[in-house]
1. Ignoring everything except DSSP H segments at least 4 long, calculate the 222 nm mean residue ellipticity for the chain; use -39,500 (n - 2.57) per segment, divide by total residues, nearest 500.
2. Could you tell me which of Ala48, Ala2, Asn22 has its Cα farthest along the dipole of the chain towards the positive end, charges placed at Cβ (Lys, Arg +1; Asp, Glu -1), taken about the Cα centre?
3. Ignoring any ligand, DNA or RNA, what whole percent of the accessible area of the chain comes from carbon and sulfur when the probe is 1.4 angstrom?
4. Rounded to the nearest whole Å², what accessible area per residue is found for the chain with the 1.4 Å probe?
5. Less than 23 Å apart at the alpha-carbon level, and either on another chain or at least 8 residues along: which lysines does that give for Lys17?
6. Report the gain in length on full extension from Leu42 to Ala2: 0.36 nm times residue separation, minus Cα-Cα distance, nm rounded to one decimal.
7. Skipping prolines and chain starts, which residues have an amide H placed within reach, meaning under 5 Å, of the one on Ala28, given they are 5 or more residues away or on another chain?
8. Over the chain, calculate the relative contact order: mean separation of alpha carbon pairs under 8 Å at least 6 apart, over the residue count, as a percent.
Amino acid sequence: MAKMPEPMVRPTPRFTKLFINNEWVDAASGKTFPTYDPTTGLKICEVAEADKADVDKVNWQTLLFTLSI
(Lines give C-alpha, C1' and ligand atoms only; values in the text may rest on other atoms or scores of the structure.)
Protein backbone atom coordinates (compact mmCIF):
# COMPACT_ATOMS: atom_id res chain seq x y z
CA MET A 1 0.00 0.00 0.00
CA ALA A 2 1.23 3.51 -0.87
CA LYS A 3 2.47 5.76 1.89
CA MET A 4 0.30 8.78 2.66
CA PRO A 5 1.85 12.11 1.72
CA GLU A 6 3.12 14.42 4.44
CA PRO A 7 0.80 17.32 5.27
CA MET A 8 1.59 20.69 3.73
CA VAL A 9 3.41 23.01 6.08
CA ARG A 10 2.43 26.65 5.83
CA PRO A 11 5.64 28.58 6.51
CA THR A 12 5.57 32.15 7.74
CA PRO A 13 6.96 34.55 5.10
CA ARG A 14 10.35 35.93 6.07
CA PHE A 15 10.91 38.35 3.21
CA THR A 16 8.24 40.93 2.41
CA LYS A 17 10.48 43.77 1.22
CA LEU A 18 12.02 44.44 -2.20
CA PHE A 19 15.44 42.95 -2.97
CA ILE A 20 17.35 45.79 -4.64
CA ASN A 21 21.14 45.87 -5.06
CA ASN A 22 21.63 42.95 -2.64
CA GLU A 23 19.57 44.60 0.11
CA TRP A 24 16.04 44.08 1.42
CA VAL A 25 14.37 47.51 1.34
CA ASP A 26 10.89 48.97 1.74
CA ALA A 27 9.20 50.38 -1.34
CA ALA A 28 10.09 54.05 -1.89
CA SER A 29 6.38 54.89 -1.83
CA GLY A 30 5.75 52.79 1.26
CA LYS A 31 3.00 50.95 -0.63
CA THR A 32 2.28 47.28 -0.01
CA PHE A 33 -0.22 44.74 -1.32
CA PRO A 34 -1.82 41.74 0.40
CA THR A 35 -0.81 38.18 -0.41
CA TYR A 36 -3.36 35.41 0.11
CA ASP A 37 -3.11 31.66 0.66
CA PRO A 38 -4.82 30.20 -2.44
CA THR A 39 -5.98 27.12 -0.52
CA THR A 40 -7.75 29.00 2.27
CA GLY A 41 -8.25 32.51 0.93
CA LEU A 42 -6.77 33.91 4.14
CA LYS A 43 -4.34 36.82 4.03
CA ILE A 44 -0.76 35.71 4.65
CA CYS A 45 1.06 39.04 4.76
CA GLU A 46 1.63 42.42 3.13
CA VAL A 47 4.40 42.61 0.49
CA ALA A 48 6.23 45.75 -0.66
CA GLU A 49 4.91 47.09 -3.97
CA ALA A 50 7.62 48.34 -6.35
CA ASP A 51 7.10 51.24 -8.69
CA LYS A 52 9.25 53.36 -11.01
CA ALA A 53 11.22 54.96 -8.16
CA ASP A 54 12.27 51.50 -6.94
CA VAL A 55 13.24 50.31 -10.43
CA ASP A 56 15.31 53.45 -10.88
CA LYS A 57 17.39 52.48 -7.80
CA VAL A 58 18.57 49.23 -9.39
CA ASN A 59 22.21 49.15 -10.46
CA TRP A 60 21.47 47.63 -13.88
CA GLN A 61 25.11 47.33 -14.97
CA THR A 62 25.94 45.17 -11.93
CA LEU A 63 22.79 43.10 -12.36
CA LEU A 64 23.40 42.43 -16.07
CA PHE A 65 27.05 41.56 -15.43
CA THR A 66 26.04 39.12 -12.68
CA LEU A 67 23.44 37.45 -14.89
CA SER A 68 25.91 37.08 -17.77
CA ILE A 69 28.40 35.04 -15.72
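The values are calculated or read from the model by the stated rules, or taken from the named source; none is laboratory data. All figures in this text were calculated on a predicted structure; none of them were measured in a lab. No Cβ is skipped: glycine too gets one built from the backbone with ideal geometry, and neighbour counts run over all protein chains shown. When the accessible area is computed, the model is the full protein with side chains, heavy atoms only, and any ligands, DNA or RNA have been set aside. Shrake-Rupley method; radii C 1.70, N 1.55, O 1.52, S 1.80 Å.
1. Details: 2 runs with 15 residues, N = 69.
Counting only the DSSP helices, I get -5500 deg cm²/dmol.
2. With unit charges placed on the Cβ atoms, the residue in question is Ala2.
3. The computed percentage sits at 62.
4. Working: 6120 Å² over 69 residues.
Heavy-atom accessible area per residue stands at 89 Å².
5. Cα-Cα hits under 23 Å: Lys31, Lys43, Lys52, Lys57.
6. Values: separation 40, 0.36 × 40 = 14.40 nm, distance 3.18 nm.
11.2 nm is the gain from fully extending Leu42 to Ala2.
7. Excluding prolines and chain starts, which carry no amide H, the hits are Asp51, Asp54.
8. Values: 69 pairs, mean separation 19.1, N = 69.
That works out to 28 percent.
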